1. For the list (1) in a strand (DSSP E or B); (2) free of Cβ contacts under 8 Å to residues at least 12 places away in the same chain, I need the number of the one condition that Lys728 fails.
2. Within region 99-119, can you find the residues that are open to solvent by less than 10 Å² (accessible area, probe 1.4 Å) and within 24 Å of Gly165 (Cα to Cα)?
3. Here's a check for you: in region 669-690, which residue that is surrounded by fewer than 16 Cβ atoms within 10 Å (Cβ to Cβ) and in contact (Cβ under 8 Å) with a residue 60 or more places away in the chain is nearest to Arg631 (Cα to Cα)?
4. Give region 528-555 a look and list any residue that's in contact with a Gly (Cβ under 9 Å, 6 or more places away or on another chain) and either modelled with pLDDT of 95 or more or outside any helix (DSSP H, G or I) (or both), or say none.
5. Of the conditions (1) under 20 Å from the mean Cα position of the chain (by Cα); (2) closer than 13 Å to Val390 by Cα, Leu361 fails just one. Which one is it?
6. Can you pull out every residue in region 73-91 that is buried (at least 24 other Cβ atoms within 10 Å of the Cβ) and over 23 Å from Ser125 (Cα atoms)?
7. Given Ser484, Ser525, which one is open to solvent by 30 Å² or more (accessible area, probe 1.4 Å), of a type in the set (S, T, N, Q) and over 23 Å from His590 (Cα atoms)?
8. Scan region 160-183 and tell me whether some residue there is within 34 Å of the chain's Cα centre (by Cα), at negative phi, among the small types (Gly, Ala, Ser) and open to solvent by 50 Å² or more (accessible area, probe 1.4 Å).
Amino acid sequence: MKGSRLVPHCKRRHLSKLFSLFQSRRTLHTATVTDYLQVTSDDLENERKRIDFNALFKSCTKLQHVKCAHTLVVVSGRFKDNLLSSKIVNLYSQHGDVSLAWWTFHHLPNKDVYTWNSMAFAYVSHGRFREALGCFNQFFSTSGLRPDFYSFPPVVKACGDLLDGKKIHCLVLKLGFEWDVFVAASLVHMYSRFGLVGDARKLFDDMPARDRGSWNAMISGYCQNGNAAEALDITDEMRLEGVKMDAITVASVLPVCAQVGDILSGKLIHLYVIKHGLEFELFVSNALINMYAKFGSLGHVQKVFGQMVVRDIVSWNSIIAAYEQNNNPVTAHLLFHKMQEARVQPDLLTLVSLASIVAQLNDHRNSRSVHGFVMRKGWFMEYIIIGNAVVDMYAKIGNLDSARAVFGGLPIKDVVSWNTLITGYAQNGLASEAIEVYLLMEEHEEIIPNQGTWVSILPAYSHVGALQQGMRIHGQVIKNCLYSDVFVGTCLIDMYGKCGKLDDAISLFYQVPRKNSVPWNAMISCYGVHGDGEKALELFREMRAERVQPDHITFVSLLSACSHSGLVSDAQWCFNMMEEEYGIKPSLKHYGCMVDLFGRAGELEMAFNFIKTMPIQPDASAWGALLNACRIHGNIELGKHASERLFEVDSENVGYYVLLSNIYANVGKWEGVDDVRSLAKDRGLRKNPGWSSIILNNKVDVFYTGNQTHPKCEEIYRELRDLTSKIKTIGYVPDLCFVLQDVEEDEKEHILMGHSERLAIAYGIISTSPKTPIRIFKNLRVCGDCHTVTKFISIITEREIIVRDSSRFHHFKGGTCSCGDYW
């Protein structure tokens, strides 16, 4: 009578309605609840023989229907029927109530194999894998029944670790089910899931017969473990054996085509999809959108999406992400609004894409909207991925305070969370803060650094010139076997290059994979900042010889290298080749490099005419390069015109006011200097103070111009006076025009001696062994007089002095500089 407890839950109107659903189905009567509950035992016996329970079960579309059907089974006396009760277990599971499924299963007096299989399957279907294994173990150890081949696939899926999986595999072998196609396929899945794709392949190869599900299991195993080439190879084997691909095969293989960059195979599979009518399968169309998105083929993406008859949330997320990941945030944002018009509710992944879209659009207002929506949904507490996306969004729009606040509020932080914040600081020029966060991360032993960590922190160490710390990271990279990773390797090349160790950067370049443009770009850039444009061009020719496709960054690096070396004709050759040979349209960065090139070479009219003929509106980089050239070559009139245009497009950059002020100061027009400084002051702008740093014994010492606070201040100035006296005897004459203040000449010489780079060099000399190299890092351009002084100091101290300023390296040795006095 325990089963009768369910009767009160079945309302009359529901049961009557349910019965009416079955009236047209064979022999089911239209009696009321009371009729069924008050019939005599003879009538009940006759009635239960006439009820078509199969039709009844098929018509259950809600949990309430299942409860009514269950009640009918109980009151008709059929609750001891294993087949019917097992179907009730399955129905409860299908409608989301595993507890009632278990209750039904538990009260069956004589359970058969089908009943046990149904309960195990119900647990697995709802991700309750521990209960599924417990159910199977109880079945095998207490029921006295022998499992069949239907028993194993769900329980193999439930295995939470390899040990459980191997135990089940042993049992399969013991009972002789290893060659059953379903059991073998489930074992292939299991071993692939634990990364043992070799064991999975051996099982697959030993199978006497394979169906399409077996092939799909092996293909999926390769895909899960990143074996893209093997996945494509086995797909070809499958077709050669005459087994046709189905929707599952296609959905598994399409991402692999994108992974290996094989668009031809992807298009051939798309052709197969159309030929066999698989394009109407929703998840196949979604997979096609994702594949074409990875190739940047947005036209194909739009065509597939437009031909879809039915679209779900995955379809919308896929096409929004396609445009977002291909740097088309405007269209992505428009598609998000169309999704809302279609009354499709955004989910977690929609918001992840939307956060990136807002960041690309630099949309501060909507960034708050995204943050607020996520908070209202409570997703920060449940899903770490959305927390990381919001931190990244704030960092990319430069709102580091909000990024740090969201990061601090995340209930759980994984390695991606830390990497995101480190990258945010580094990309916003806050290298010290990035390093601080990395050191904080190291205190959390449960967080294991990965590829993303090294790619995040190495640029920060490069920025501050922290060679020793960068080398320590290099050691950890080797220890973790990531030295062959192209992105980590590229960051190491960049770090060594920007820390002045060009030979180490070159050595590392030839050790990393060089199949794409990324490491080539880094090495060309290193040659550029070291002033060796000829070697940059030579490396570019080597890149072309190896048939590596250059990208827009390659040409920015090349043009910049040519600019620092005065290679005007070579730069023009590169600029023309970019579009004519490679179809890369010049961006504002490329135009800015060309203006800088002409300006440094003294071709101010050519630079100005180049700006006037640009097919796109010049930005601050072009006008800023012209203004800097006017400062170098003392052209006040053109400089004034350039500054007017510059302040129209960027009036908030104090550096441009300093440039114009220096132009006036160089020719002694102090009224102009005062006017420019007043203009900057009225706009609330302050000049960033010049500083130079030196790293000794893992300690960074920073010097500002005229610094008097260093503990060794007296020794430093005594050394400077001694050095100045010595270099004057071998030809040094102070160039007072580099003092941009209206003071007496003896005061100007004193100001020059207190420049930050000289203080750092003097400190390096008194703090290191004789004749050892000194490395200095400066946040601004080295002034002309300091450049001359450093050449003389390199003679009398017999040292190599390496100075990295805001744009390049200067290697001083034996009275010469690597820049050839062209900077």
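1. Exception for Lys728: condition (1).
2. Thr115, Ser118, Met119
3. Within region 669-690, the match that is nearest to Arg631 (Cα to Cα) is Trp670.
4. Across region 528-555, the qualifying residues are His530, Gly531, Ala536.
5. Going through (1) under 20 Å from the mean Cα position of the chain (by Cα); (2) closer than 13 Å to Val390 by Cα one by one, Leu361 breaks only (2).
6. Val73
7. Of Ser484, Ser525, the one residue that is open to solvent by 30 Å² or more (accessible area, probe 1.4 Å), of a type in the set (S, T, N, Q) and over 23 Å from His590 (Cα atoms) is Ser484.
8. Checked against the condition, which is being within 34 Å of the chain's Cα centre (by Cα), at negative phi, among the small types (Gly, Ala, Ser) and open to solvent by 50 Å² or more (accessible area, probe 1.4 Å), region 160-183 yields at least one hit.
The values are calculated or read from the model by the stated rules, or taken from the named source; none is laboratory data. This structure is a prediction, so every number in the text was calculated from the model and none was measured. As a convention, Cβ positions derive from the backbone with ideal geometry for all residues, glycine included, and neighbour counts pool all protein chains shown. Just so you know, the surface numbers come from the protein's heavy atoms only, side chains and all, with ligands and any DNA or RNA stripped out. Shrake-Rupley method; radii C 1.70, N 1.55, O 1.52, S 1.80 Å.
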